[in-house]
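Have a look at this one.
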Amino acid sequence: MTGYKFCEKFASSLLKEQYELVVFGEEPHPAYDRVHLTSYYTGTVPDELLLAPAGWYDEHNIDLLTNEKVTAIDREAKTVSSEKEKTYSYDILVLATGSSAFVPPIEGIEKEGVFVYRTFDDIDKIKKYIPKASKAAVIGGGLLGLEAAKAVLDDGLPTSIIEFASRLMPRQLDPQGANILKSKLENFDLEVLLNKSTEKITGNGKLEGLQFADGSSLDADLLVISAGIRPRDELARSAGLEVHQRGGIVVNSKMETADPSIFAIGECVVVHNMVWGLVAPCYEMAEILVNNIGGQSQEFLGFDLSSKLKLIGTDVASFGEALVESDKIKTIVYENKSRGIYKRLNISEDGKYLLGGILVGEAEEYNMLKQVVNNKIALPENPEDFILGARGGEGAAGIGVGDLPDTAAICSCENITKGDILSAIETDGAESVPKIKKCTKAGTGCGGCAPMLDDLLTHYMKSQGREVRKTICEHFDYTRQELYDLIKINEFKSYNELILAYGKGSGCETCKPVVASLLASIWNDLITKQDTIQDTNDRFLANIQQRGVYSVVPRIPGGEITPEKLIVIGQVAKKYDLYTKITGGQRIDLFGARVDQLPAIWEELIDAGFESGHAYGKSLRTVKSCVGSTWCRYGMHDSVSFAIEVEDRYKGLRSPHKLKGGVSGCVRECAEARGKDFGIIATEKGWNLFVCGNGGANPRHADLLASDIDKEIVVKYLDRFLMYYIKTAEPLTRTSKWLASLEGGLGYLKDVVVKDSLGIGNKLEEEMAELISHYKCEWTEVVRTPELRNKFRHFVNSDEIDNNIKFVPLRDQKIPAKA
C-alpha cells in the first residue's frame, strides 16, 4: 500500500518528467487494500480491493512488474536482480517491502493445518482447507486476528481466539474496554482465551491441538496465526544496509538509509526507533520521500497513532493518551454493559484539556475528540457531553468544526487540513462532499473523515449566510421533503408531470429513482407502470446478482410457513435449477433466475399463495419472529401472530430506505428485534416498542420509544413513526441515521409520535391507512397483465435469451461462473 502511495504521489509530481519508474511486486496482483483483507475471504473479488488497476500504472507510464520478486541488490553496480534471473539498473532505489506475518517460534509450527493471514494467497489456502477441519483456533487478538476468527466461524467452525496478553488489544484498550469487547465477541460464539502462551502444536504431521505454558490444552485442526507483523528487511540486510536489532531497515527522518541512493518507506522501516504499522504514517513517509527526491527537505517527525477500527461490527477507537494512569489526570467513564458500550475520557488535572480516550461499541464522536486533543482546544464546562450527547434539551459539548484551526488535519491518510478543504470550497467551488473528495483527495483513504467533510461544508455554507439545502440534483432545485409535498399537493402521479412543472431538463440517474420512490411512498401504486425511472432492481422486481441473473424471494410473514408451501418452493427451485438458501430474515432466497424466467417462476409461487417479498425494494422486507408463547416455555406473548399481523399490515410500504422489523416473545430477544428499524419485545404488562436500529456494516441497537403498551397502541405508534420517517428522511437514509440527524433526537421523536406534540398524529395514521388500502402484490399484477409481463426479457427487440450466462457446480447446487 505504501509503494502504491509513492507511485501516486510520483505521478502527480514533476518527477515523472525526470525519472522512469519501475515497480516490482512479489504477488501476481497490483497493490491492494490489506486493511480490508477479510472482505476477500467473504466473497469480494480481488479487483475490487486493488488500490488501482493495472491500467492505471500504464496510464502514468509506470512499469509495473507483478509476480517478480527482487532477490538481491548490488549497491556498487546500482542494480537489482529478480527471481526471474533478470537484472535492472537504478539511479534511485526505494524499498517499500512492507511486512510479513510474525510467526512465533512454536514447536510444531510447520504442521499441516497451520496458516497465516496476510495475503490473497493465504486466504485461498485457508478456504481450501476449511472442509477438512472441524475446530479452529486463531493466535492473536488484533484486528486481522479477530476478523480471521469471525470468518472461519462463519464457515461453520467453532473458533477460539488465543491472546498472550491479559486482555484484548492491550495497546489500545484498558481492562474495562477490553472486557466489553470480549463480551461482544463471545456474543458471536467466539471463545476468547487470555494469558495463553502457546508452547507446542501437537499432531502427527497434521495439527491436532495446542499446548499452553500453563499446562492447559486446546483441540483444534485448523490454526490461523495473526500475532503481529515483522518488517520485510531481508533484502536490505543481505545488501549490507543497517537493520534494527528487532528488525526493520534503519532510516533517518528523511527516509534515507546509509546509502545515498537507497531509501525506504512504510512498515519495513524503523524511524525514531519504532515501526509505524498504520496506513496514515506510512502514506506520509511516501509523500515526504517524493518531495525530498524532488529537491525539498521534509522530515517525518512521528505521527498521531489514534485509530478507529471496526472489529466484527464493533467500533473500537483510541486517541491521544488513551491509557495514561496518573493521580494528576481526571477520568470520565461511561459504561453500558447491556448495550456493549464503553467510553473513557482522560482530562488534564486542571480540567481544561482533553488528553485522550477510548471508545468501544459506539465511536461517532471519535473524529471531533481526536481534533480536540490534537489542537489543544479548551474543554467546555461539561466535557461529559462529548460521550453522553444532548441531555435535557441542551446541546452537546458545544465544540464544532468551526472551532478548529485551519491547520487541523481533517484527513490523516492524505494529510489534508481544514484550510485545504475550505480553500477547495471557496476557490474551486467544491460544494458537495464528492467534489471535496475529488478536489483534495480527503476521505479517499480509510474514509473515516467523511462525516467531518460534510460538517465542514455545512458550517461554511451557513457562515456565508447561504442556505444549506440538500437538493436532489441539478434537475430539481428542491429537497426530498419539498418534492414530497409538491407531489402530494398537486396529486402528480408520474415523473413527467413533476419535472414539467417543477424541474428542468430530462432528469438523471439520481433524481429518477428518488422521484420513483416518492411516488410509490405517497400513492403506493405499481412501480412497474413507470419502470424506466426505476433502478435495475425495482425495474425487474428482483435483485440483480453476479453475471446478470436475479434472485426470487417470496414473502414468508413472520417466518411462518406450511409444509405445503415449503414443497412448492422446493419444486420451483428444482424445476428452474435455482440455488436455494435460508436468509437471516427467515425467508428462502432462490438465486440464478434469468430475467425472462421471472414471470413464470412467480406465477407458480403466486398460484400457491405466495406474494412478493419486496427484497428488491426500499420497502418493508421482513418482520422476524421467535416462536413466542405458542411453543417456547419462556415466551410471554404470541410473537409469531403479532409479527405476521405487522408484516401483513406494512407489506409493500415504500420508504427512503429498506425497513426491517422484529417481534420477540420475551427479553431473551431471539428475534433480534433491537437490531431492526422497529422492534417489538414482549413484557409482563404488554409490549416494548424500539425504533431506529439496524444491523449490517454499522450495527446499532434500537432505542426504546414506548414501554408496556398493548398491541393496538404499538400499531398506532408504528403508523406514526413510519409515516413521519417516510415524510422527512433524506433519500437512502436508514432510520438509525435519520434519528441521528433529527434535531432533538430521540426525545423529539417521542414527543412527535407518543405525545403528538405537533398535533399530526391522527393525520399520520390516516395517511398510513390510505397507503395500506392501496396495496397490491406487484408480482401478481405482472403475471396477470400481458403488457407488464412482456417487459421481462433480455433484449428489448427480441425474445432470445442471454446464452452468455454460465454456472459452475457447488455442493449439489450451482453458482455463477467467474468472468
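The values are calculated or read from the model by the stated rules, or taken from the named source; none is laboratory data. Everything numeric in this text was worked out from a predicted model, so none of it was measured. Cβ atoms come from the backbone with ideal geometry, glycine included; neighbour counts cover every protein chain shown. The accessibility values were calculated without ligands, DNA or RNA, using every heavy atom of the protein model including side chains. Shrake-Rupley method; radii C 1.70, N 1.55, O 1.52, S 1.80 Å.
With touching a helix residue (DSSP H, G or I) at 6+ places or on another chain (Cβ under 6 Å), open to solvent by less than 40 Å² (accessible area, probe 1.4 Å), over 24 Å from F642 (Cα atoms) and at pLDDT below 85 as the only criterion, which of L526, L518, L541 stands out?
Residue meeting the stated conditions: L526.
Please determine whether any residue of region 624-639 is within 26 Å of V552 (Cβ to Cβ) and assigned to a helix (DSSP H, G or I).
No; the residues of region 624-639 include none that is within 26 Å of V552 (Cβ to Cβ) and assigned to a helix (DSSP H, G or I).
Are there strands (runs of 3 or more DSSP E) fully within region 312-414 with at least 1 residues that are at pLDDT 90 or above? List them.
The qualifying strands (runs of 3 or more DSSP E) are 314-320, 329-336, 341-348, 354-360.
Of the residues that sit in region 260-294 and are of a type in the set (S, T, N, Q) and over 13 Å from V243 (Cα atoms), which one is surrounded by the fewest Cβ atoms within 10 Å (Cβ to Cβ)?
Per the stated criteria, the residue is S261.
Here is a follow-up. Determine which single condition Y129 fails, assuming it passes every other condition in (1) outside any loop (DSSP other than H, G, I, E, B); (2) open to solvent by 20 Å² or more (accessible area, probe 1.4 Å); (3) at pLDDT below 95.
For Y129, the failing item is (2).
Here's the yes/no breakdown for (1) closer than 15 Å to S655 by Cα; (2) aromatic (F, W, Y); (3) in a strand (DSSP E or B):
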{"position": "I489", "(1), (2), (3)": "no, no, no"}
{"position": "L500", "(1), (2), (3)": "no, no, no"}
{"position": "E509", "(1), (2), (3)": "no, no, no"}
{"position": "V514", "(1), (2), (3)": "yes, no, no"}
{"position": "A520", "(1), (2), (3)": "yes, no, no"}
{"position": "D525", "(1), (2), (3)": "yes, no, no"}
{"position": "L541", "(1), (2), (3)": "no, no, no"}
{"position": "R547", "(1), (2), (3)": "no, no, no"}
{"position": "S551", "(1), (2), (3)": "no, no, yes"}
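I'd like the residue in region 688-702 that is open to solvent by 20 Å² or more (accessible area, probe 1.4 Å) and over 11 Å from the mean Cα position of the chain (by Cα) and, out of all such residues, is modelled with the lowest pLDDT.
R700
Separate question: Filter region 10-59 down to the residues that are under 26 Å from S81 (Cβ atoms) and assigned to a loop (DSSP other than H, G, I, E, B) and list them by number.
Q18, Y19, E20, G25, E26, E27, P28, H29, P30, A31
Return the residues of region 76-116 that are open to solvent by less than 30 Å² (accessible area, probe 1.4 Å) and assigned to a loop (DSSP other than H, G, I, E, B); say none if nothing qualifies.
Selection gives Y90, G98, P104, I106, G108, G113.
Next up: Can you tell me which residue is most open to solvent (accessible area, probe 1.4 Å) among those in region 364-382 that are out of contact with any helix residue (DSSP H, G or I) (no Cβ under 9 Å at 6 or more places or on another chain) and in contact (Cβ under 8 Å) with a residue 40 or more places away in the chain?
Filtering region 364-382 for residues that are out of contact with any helix residue (DSSP H, G or I) (no Cβ under 9 Å at 6 or more places or on another chain) and in contact (Cβ under 8 Å) with a residue 40 or more places away in the chain, the one most open to solvent (accessible area, probe 1.4 Å) comes out as N374.
Give me the residue from region 664-674 that is more than 24 Å from the chain's Cα centre (by Cα) and among the hydrophobic types (A, V, I, L, M, F, W, C) and, out of that set, least open to solvent (accessible area, probe 1.4 Å).
Here the residue is C666.
Find all pairs meeting these conditions: Cβ atoms under 6 angstrom apart; at least six residues apart or on different chains; first residue within region 789-818 and over 24 Å from L541 (Cβ atoms) and at pLDDT 85 or above; second residue surrounded by 11 or more Cβ atoms within 10 Å (Cβ to Cβ) and hydrophobic (A, V, I, L, M, F, W, C).
Close Cβ pairs satisfying both conditions: V808/A817.
Checking G635 against (1) over 26 Å from K806 (Cβ atoms); (2) at pLDDT below 95; (3) open to solvent by less than 40 Å² (accessible area, probe 1.4 Å); (4) within 30 Å of the chain's Cα centre (by Cα), only one condition comes out false. Which one?
Exception for G635: condition (4).
Of the residues E645, E603, which single one is under 19 Å from F690 (Cα atoms) and open to solvent by 40 Å² or more (accessible area, probe 1.4 Å)?
That would be E645, the only listed residue that is under 19 Å from F690 (Cα atoms) and open to solvent by 40 Å² or more (accessible area, probe 1.4 Å).
Results for (1) polar (S, T, N, Q); (2) open to solvent by less than 10 Å² (accessible area, probe 1.4 Å); (3) on the phi < 0 side of the Ramachandran plot; (4) not in a strand (DSSP E or B), shown as yes or no for each residue.
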position	(1), (2), (3), (4)
P656	no, yes, yes, yes
G662	no, yes, yes, no
A682	no, yes, yes, no
L704	no, no, yes, no
S707	yes, no, yes, no
I713	no, no, yes, yes
L718	no, yes, yes, yes
Y724	no, no, yes, yes
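Under 7 Å by Cβ, and 6 or more places apart or on different chains, what pairs join a residue from region 10-23 that is closer than 9 Å to I293 by Cβ with one that is in a loop (DSSP other than H, G, I, E, B)?
The qualifying pairs are S13/G294; L15/G294.
Going residue by residue through region 41-64, is there one that turns out to be among the hydroxyl-bearing types (S, T, Y), surrounded by fewer than 17 Cβ atoms within 10 Å (Cβ to Cβ) and under 28 Å from V116 (Cβ atoms)?
Looking for residues that are among the hydroxyl-bearing types (S, T, Y), surrounded by fewer than 17 Cβ atoms within 10 Å (Cβ to Cβ) and under 28 Å from V116 (Cβ atoms), one finds at least one in region 41-64, hence yes.
Can you go through V572, V627 and tell me which one is of a type outside the set (S, T, Y) and open to solvent by less than 40 Å² (accessible area, probe 1.4 Å)?
So the residue among V572, V627 that is of a type outside the set (S, T, Y) and open to solvent by less than 40 Å² (accessible area, probe 1.4 Å) is V572.
Okay, moving on. How many residues are touching an Asp or Glu at 6+ places or on another chain (Cβ under 6 Å) and under 18 Å from T97 (Cβ atoms) when one looks only at region 10-50?
2
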